[in-house]
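To keep things clear, I will list the structure first and then write my remarks on it.
Read-outs: derived from the displayed coordinates by stated rules, not from any lab. Just so we're clear, the structure is a prediction, and the values are computed from it rather than from any experiment. Heads up, the Cβs are rebuilt from the backbone with ideal geometry, glycines too, and the neighbour counts pull from every protein chain shown.
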Amino acid sequence: MLFESFQIPQEQYESLSSSNTHLLRFLKYKTPEDNDTVIRFPSHTDKNFTTIVVQHDVGGLEVRTKDDDWISVESAPSQFLFMAGYGAMNRIKACHHRVKHCGDKDRYSLGMFTFNNGVFQVPKELVDESHPLLYNQFDSRGFIRFYNTPEAKKAESPIKAYCGVKISIYI
Ligand SMILES: O=C(O)CCC(=O)C(=O)O
Ligand SMILES: [Fe+2]
């Protein structure tokens, strides 16, 4: 669906979408000991390709907008948040998100993390004069290993630090 929305022909994305691995993770956040609002999962972007999160009963998930405001994602049975993980599609930015959890109830959420296997390359349909190539092709598993290094941790954008296209200006 994601590739189709950018009018990428099926033969182009088939190899990308057929070599994915999905990880379904249940998360439980115990009732906080004090009653102040607590950041339970600090702001981050995911290191996989895309993520779907659904919250059960207790909300708290927030996403950061391009103006650096935080907006909360409603917790409703029919509400799923679909977000870009490393955001190497050239057009879609990685989604910064966090979890704030307060009150007197445990919080449960369910996340489905989709990983690319092998080498990821920005589809050429997403590169043009207004959208120059931002990322060199990279090994998705290699990026996961890089993500836990001190270099990635101090980078504003781990994916840019790993495989961002470096622009040289000659004067
Ligand atoms: O628990 C949530 O709502 C989000 C969890 C999350 O962001 C993560 O596991 O990467
Ligand atoms: Fe996350």
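Evaluate segment 32-45: report whether one residue or more is within 30 Å of LEU134 (Cα to Cα) and away from ligand 2 (no atom under 13 Å from the Cβ).
no
Could you pull out every one of the helices (runs of 4 or more DSSP H) wholly within segment 85-171 that has 1 or more residues that are in contact with a strand residue (DSSP E or B) (Cβ under 7 Å, 6 or more places away or on another chain), free of Cβ contacts under 8 Å to residues at least 60 places away in the same chain and surrounded by 19 or more Cβ atoms within 10 Å (Cβ to Cβ)?
Hits in segment 85-171: 158-163.
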